[in-house]
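J.: Here's a structure for you.
The values are calculated or read from the model by the stated rules, or taken from the named source; none is laboratory data. Predicted model, so just to flag it, every value in this text is computed and none were measured. We place every Cβ from the backbone using ideal geometry, glycine too, and count neighbours over all the protein chains shown. All accessible areas refer to the heavy atoms of the entire protein, side chains included, with ligands and DNA or RNA removed. Shrake-Rupley method; radii C 1.70, N 1.55, O 1.52, S 1.80 Å.
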Amino acid sequence: MIVRPKIRGFLCTTAHPQGCAANVQQQIDYIEAQPKAGKGPSRVLVIGASNGYGLASRITAAFGYGADTLGVFFERPADTKKKRPASAGWYNSVAFEEKARAKGLYAKSINGDAFSNELKQQTIEEIKSSMKSVDLVIYSLASPRRTHPDTGINYASVLKPIEKKYECKTLDVNNCKVTPVSIETASEEEIEHTKIVMGGEDWFMWMKALKEANVLAEDCLTVAYSYRGPKITQSIYGKGTIGGAKDHLEATAPEITELLKDINGKAYASVNKALVTQSSSAIPVMPLYISLLYRVMKDKGIQEGCIEQCYRLFASKLFSGQEPLLDEKGRIRVDDLEMREDVQEEIGKIWDNLDSDNITEITDIEGYKQEFLSLFGFGFEGVDYDADVEIDLKLT
Ligand code: NAD
């Protein structure tokens, strides 16, 4: 089938198998070109391994450190009857497994709901029969909903302010229009439900289940990804419902460290940089902020994508041979370049004057669009997008 991008709102509903493989290869090439890393992880579980930060973490572990990896994610296979390609994360994972195995590495994936007890058990069985134990667990889930495994109740997260109604502007990436946006405050219930979906409870449940099954190695590490962001996005992000969930996630790290103390394990929240991913494109204001952030960071020569962020996290924080430097709240920071004073000062100066007339000139909206399409395997040199491709690729 010939696969073209089909954009629906902030989503692309198609993905190109060969383009996704090119995306994975580009990230592998980046990692392989970096100075050889010191002693790192050797058996890694990545929860949320098929896209964005989780995929980049998996690539860094495998191709930077020669680690065996088990990836957990929730992706859609192709439906050949309906002529529907698989999701990008599916194709990314097929490509990753193939390339990791060609290097002689163990690479296996489990597709299903990571919030469920069944999937946790399946993962534990797989670890027992293959790697015996893991020495690094990356928690990189981004989900709009969660079915609680103990009660069966479905919770949905919302992206809303908490303190007061949010009046700002946002970007419709498809037509480059900057429009006003106004979002009412969240109810107590919405705040709580967002915390249940995106807070630290599930991370804790994973680590408890892994520990009780004796599949965590001595001195193991676990890292969950967080975001804080600058003043401009505070009301909708940092101090909004999602920020509340991230507070909870970050506060779970010391609880997990306590849980793991007899095996000398440690848990960290890592605050990462804002990036174009399938999840961030759904957050109001973020595409506009990211388009401007990219312009400023590119101009200063300090722009990083998921793979650069993950390499820096592994090489200079987690596996540098020293304890990672933490902020006053005990978190790892790799959002340091985004939050640099000169970067935020420049963004602040431009922000108020941004409108539909100057958006293409002042921001890197073209870069944003390109990167968005690349998440679905579109826009890669060397891929023939007019050719018929096999869409029914299997994860083995
Ligand atoms: P993403 O959308 O690119 O990837 C999300 C991953 O979660 C995918 O692998 C998906 O399959 C998996 N997933 C979702 N629901 C699942 C379920 N029920 N069961 C199993 N797997 C499931 O997201 P991302 O942007 O890489 O975000 C990952 C983490 O990084 C999130 O915690 C996010 O808050 C954090 N983060 C993101 C940014 C950013 O700008 N994108 C910045 C800092 C931190």
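J.: What nm distance separates the two modelled labels at Cys176 and Glu381, each placed 7 Å from Cα along Cα→Cβ?
T.: A separation of 2.4 nm, rounded to one decimal place.
J.: R0 = 45 Å: FRET efficiency of Glu192 with Lys103, Cβ-based, nearest 0.05?
T.: Working: r = 45 Å, r/R0 = 1.00.
It comes out at approximately 0.50.
J.: For the peptides 110-120, 76-86, 20-30, 366-376, what is the packing order when you average, over each peptide's residues, the other Cβ atoms within 10 Å and list the highest mean first?
T.: Values: 110-120: 17.1, 76-86: 15.1, 20-30: 21.0, 366-376: 19.5.
Peptide ranking by packing, descending: 20-30, 366-376, 110-120, 76-86.
J.: Report the residues of the range 185-219 in range of a label on Ser42: point 7 Å along Cα→C-beta, backbone N strictly under 19 Å from it.
T.: In the range 185-219, the label zone of Ser42 (backbone N under 19 Å from the point 7 Å along Cα→Cβ) covers 214-219.
J.: In the chain, carbon and sulfur make up what percent of the accessible area (probe 1.4 Å)?
T.: Details: 8550 of 17200 Å².
It is 50 percent, rounded to a whole number.
J.: Give me the accessible area of Leu337, 1.4 Å probe, in Å² rounded to the nearest 10.
T.: 40 Å²
J.: How many Å² of accessible area per residue for the chain, probe 1.4 Å? Walk me through the intermediate numbers first.
T.: On the way: 17200 Å² over 396 residues.
I get 43 Å² per residue for this part.
J.: Give the shape of the range 169-325 as rounded, prolate or oblate, defined through the alpha-carbon gyration tensor: a ≥ b ≥ c are the square roots of its eigenvalues, a/c under 1.5 means rounded, and otherwise the shape is prolate if a/b is larger than b/c and oblate if not.
T.: Numbers: a/c = 2.88, a/b = 1.49, b/c = 1.94.
It is oblate, given that a/c is not under 1.5 and a/b is not larger than b/c.
J.: Please check which bits of the range 324-349 a label hung off Ser316 would reach, taking the label as a point 7 Å along Cα-to-C-beta and the cut-off as backbone N under 13 Å.
T.: Answer for this model: 325, 333-340.
J.: Now for a separate question. Using the crude model of +1 on Lys and Arg Cβ and -1 on Asp and Glu Cβ, and no other charge, please compute the dipole size for the chain relative to its Cα centre, in debye to 20.
T.: Values: 48 positive and 57 negative charges, 129 e Å.
Computed charge dipole of the chain: roughly 620 debye.
J.: Sticking with this structure for a sec: Once the dipole of the chain is set up with Lys and Arg at +1 and Asp and Glu at -1 on Cβ about the Cα centre, which of Met339, Ala107, Val24 lies farthest towards its positive end?
T.: Of Met339, Ala107, Val24, it is Ala107.
J.: How large is the convex hull of the C-alpha atoms of the range 38-146 per residue, in Å³?
T.: Details: hull volume 12.0 nm³, N = 109.
Convex hull volume per residue, Cα atoms: 110 Å³.
J.: Just read off the accessible area of Met339 with the full protein assembly in place, 1.4 Å probe, to the nearest 10 Å².
T.: Looks like 60 Å² after rounding.
J.: Residue separation times 0.36 nm, minus the C-alpha to C-alpha distance between Ile302 and Asn353: what's the value?
T.: Working: separation 51, 0.36 × 51 = 18.36 nm, distance 2.39 nm.
Gain in length upon complete extension: 16.0 nm.
J.: With label points built 7 Å along Cα→Cβ from the Cα atoms of Lys261 and Glu323, find their separation and express it in nm.
T.: 1.5 nm
J.: Mean 1/r over all different Cα pairs, inverted: what Kirkwood radius does the range 123-222 give, in Å?
T.: Numbers: mean 1/r = 0.0598 Å⁻¹.
It is 16.7 Å.
J.: I would also like to ask the following. How far, in nm, would the chain grow between Glu163 and Lys6 when pulled straight, counting 0.36 nm per residue and subtracting the alpha carbon separation? Present the calculation step by step, with values, prior to reporting the outcome.
T.: On the way: separation 157, 0.36 × 157 = 56.52 nm, distance 3.68 nm.
Gain in length upon complete extension: 52.8 nm.
J.: If you line up the Cα atoms of the range 275-396 on their principal axes, what length do they span on each, largest first, in Å?
T.: 53, 47, 25
J.: Restricting the calculation to Cα positions, tell me the Rg (one decimal) and the Dmax (whole number) of the chain in Å.
T.: 20.3, 60
J.: Once you've got the GNM for the chain with C-alpha springs shorter than 10 Å, pick whichever of Val181, Val137, Val94 has the biggest mean-square fluctuation.
T.: Val181
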